[in-house]
Each structure stands twice: as C-alpha cells, then as structure tokens.
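**Q** Before I ask anything, here is the structure I am working with.
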Amino acid sequence: MRSSNPVFSRRGFSRDNAAGFNAQQPQAGGPAVGTTPYAEGATNPYATNPYAQDTQLGAPPQARGNVMTIDDVVSRTAMTLGTVVLTAALSWFLLPVDEANIGKSYGIAIGAALVAFVLAMVQSFKRKASPAIILAYAAFEGVFLGVISSAVSTYISPGVVVQAVLGTMAVFAGVLIAYKMRWIRVTRRFYGFVMAAAIGFILLMAVNALFSLFDGAGDGLGFRSGGLGILFGVIGIILGACFLALDFKQVEDGVAYGAPREESWLAAFGLTLTLVWIYLEMLRLLSILQGDD
C-alpha cells in the first residue's frame with residue numbers, strides 16, 4: 001500500500017497481503033507468498049538496519065534499539081507541528097494585514113508558500129529523511145498559514161481560526177479512533193478511490209484558479225464560493241480524512257516492519273502535510289459559511 005503523501009510513495013511500508021495485494025493463499029504452516037515486499041522469499045527493505053528484523057520476514061526480531069516506534073512518530077510530529085504553530089503565531093503578529101501592510105504581508109506569505117512547496121518536493125524525492133528540510137518546510141508553511149489566518153480572522157470573522165483549528169483536531173481524533181477500531185479499513189481499493197478522487201479534486205481546483213484569473217470577481221467557476229464552495233469544502237475535508245487513514249496505515253506498517261528510526265521524520269512530515277490540507281479546507285469552508293451570514 002502506498003500513501004497519498006509523496007514522502008511515503010517509495011517506502012516499503014506494506015503488509016496488506018489479505019487485502020488483495022496479489023498475495024497467494026498461505027501454504028500449510030507458512031505465511032502468504034506474493035508480490036508484496038514482505039512476503040516470504042522477499043527481502044525486507046529495512047534489512048540494512050542492524051536492529052530491524054532479519055532479511056526474511058517472519059524471522060525473529062533482533063534488538064530493537066534503532067527502529068521506529070509510535071513514540072518516535074509522536075515526538076517528531078509534535079516538533080514539526082510545533083514549528084508550524086510557532087512561525088504562524090509570529091507571522092500573525094509581525095506581518096499585519098491592515099490596509100497599510102496588506103500588500104507586503106501577502107507578498108511574504110506567497111513567497112513563504114512557494115519556498116515551503118519547493119522544500120516539500122525536495123524532501124519527497126530524497127531517499128532519506130532530512131530533519132533540517134522538514135523543519136524548514138514547517139517554518140515557511142507556518143508563515144503562510146499565519147498571514148492567511150490573520151487575514152481571514154480580520155476580514156471575515158475573529159473566531160473562524162479557532163473553529164478551524166478545533167475542526168481539524170476533531171477530524172484527526174475521529175479518523176484515529178475509527179482507524180484503531182477498524183471501522184476504516186485501508187485496502188488497495190480504498191487507496192485507488194482516494195487517489196482518483198484527490199486527482200480529480202486538485203484538477204478542478206486548478207481549473208477554477210485559472211478561470212479566476214480572468215474573472216473580475218475572482219470566483220472562477222464558483223467552486224470556492226456559495227453552494228458549490230460549501231460542497232467542495234466538505235469534499236476537501238473528507239479527502240483529508242481519507243489521507244489521514246492512509247498515513248496511519250503507513251505508520252502502523254513502518255513500526256510493524258522495523259523501519260529505521262529516521263523514518264519517523266518522514267511519518268511526521270506526511271502527517272503535517274495532511275493536517276495542513278485539512279486546516280486550509282476547514283478554514284475555507286468556515287469562511288464561506290460565515291461570509292454568507
């Protein structure tokens with residue numbers, strides 16, 4: 001199973017033999033044999049880690065002092081999200097969006113967003129996690145979020161940012177509970193559906209943005225305002241929730257297969273990308289709802 005987040009796309013986090021991943025039925029007394037990288041006869045992608053499982057999946061684990069754990073993922077995610085929150089708070093106060101400074105603040109925010117995008121792409125195509133790049137991405141992303149949040153709070157509703165944060169936390173908690181209770185089952189079909197929906201959603205938003213350049217009102221095709229805006233805001237949040245389920249699957253598999261501890265930075269990076277997506281969609285949806293009041 002590959003994640004929706006590009007940072008996981010080349011990793012070997014997969015154990016979904018029973019979910020239709022071309023796995024054959026297990027032989028008597030033995031594990032399933034198939035094309036998954038962890039099936040019998042396949043090489044463990046983390047075999048170079050001396051603390052991971054042996055080269056053949058199913059061998060007893062060795063000393064586990066240098067493998068990824070849930071605590072590692074939690075601590076790295078807290079550091080990454082903490083950087084986002086810190087720089088967002090600083091940019092909120094240091095880059096005001098009043099009439100005298102709005103142009104400068106927006107310019108800095110757009111520049112920070114572009115730098116964050118470049119850093120995200122660099123990390124996504126690196127073979128190993130780079131904590132410096134990940135934290136730098138979080139810092140620049142925070143600058144962008146801080147200015148945008150300040151503008152929405154100033155010109156639409158003072159309480160909308162708090163509501164968006166609480167909404168994002170609620171989505172995260174809800175998906176985590178549903179995943180742990182196995183109400184959400186991440187299968188190949190689920191992954192394919194989510195990715196197809198995400199590609200369609202992004203293409204529609206890109207077309208809408210393109211049309212908005214030639215629309216004096218800036219509404220484009222209307223996918224970000226009115227009834228259609230509300231509908232697509234809800235769809236964006238649902239897609240973000242699906243991404244979270246895929247991310248949880250990657251973390252679970254990475255822990256199960258003895259991924260090196262450095263992979264926890266990639267898990268934190270992927271979760272941060274998804275949470276930023278959900279927050280922006282939540283902020284946009286609430287802005288439309290409160291702007292129509």
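Every read-out reported here was derived from the displayed coordinates using simple, explicitly stated rules and does not represent laboratory data. It should be emphasised that the depicted structure is a prediction, and the values quoted were computed from it without experimental measurement. Using ideal geometry, Cβ is built from the backbone for each residue, glycine included, and neighbour counts are taken over all protein chains shown.
**Q** So what does log10 I(q)/I(0) come out to for the stretch 70-291 at q = 0.14 Å⁻¹, using the Debye formula with one equal point on every Cα and no solvent?
**A** At q = 0.14 Å⁻¹ the computed log10 ratios are -0.96.
**Q** To continue, here is another question. So if R0 is 22 Å, what FRET efficiency would VAL162 and LEU228 give, r being the distance between their Cβ atoms, rounded to the nearest 0.05?
**A** Efficiency computed from Cβ-Cβ geometry: 0.25.
**Q** Going by how many other Cβ atoms sit within 10 Å of their own, how do ARG182, ARG284, ARG188 line up, fewest first?
**A** Ordered from fewest to most neighbouring Cβ atoms within 10 Å, ARG182, ARG284, ARG188 come out as ARG182, ARG188, ARG284.
**Q** Using only the alpha-carbon atoms of the stretch 167-216, report the extent along each of the three principal axes, biggest first, to the nearest angstrom.
**A** Taking max minus min along each principal axis of the Cα atoms, the stretch 167-216 gives 48, 27, 7 Å.
**Q** Then there is this: Work out the FRET efficiency for GLU262 and LEU210 from their Cβ-Cβ distance, taking R0 = 41 Å, and round it to the nearest 0.05.
**A** On the way: r = 39 Å, r/R0 = 0.96.
Computed FRET efficiency for GLU262 and LEU210 comes out at 0.55.
**Q** Still on this model: So how do PHE190, PHE125 line up by other beta-carbon neighbours within 10 Å, fewest first? Please report the intermediate quantities before stating the final value.
**A** Numbers: PHE190 17, PHE125 11.
Result, fewest neighbours first: PHE125, PHE190.
**Q** Using +1 on the beta carbon of Lys and Arg, -1 on that of Asp and Glu, and nothing else charged, what's the dipole of the stretch 70-291 about the Cα centre, debye to 20?
**A** Result for the stretch 70-291 is approximately 600 debye, rounded to the nearest 20.
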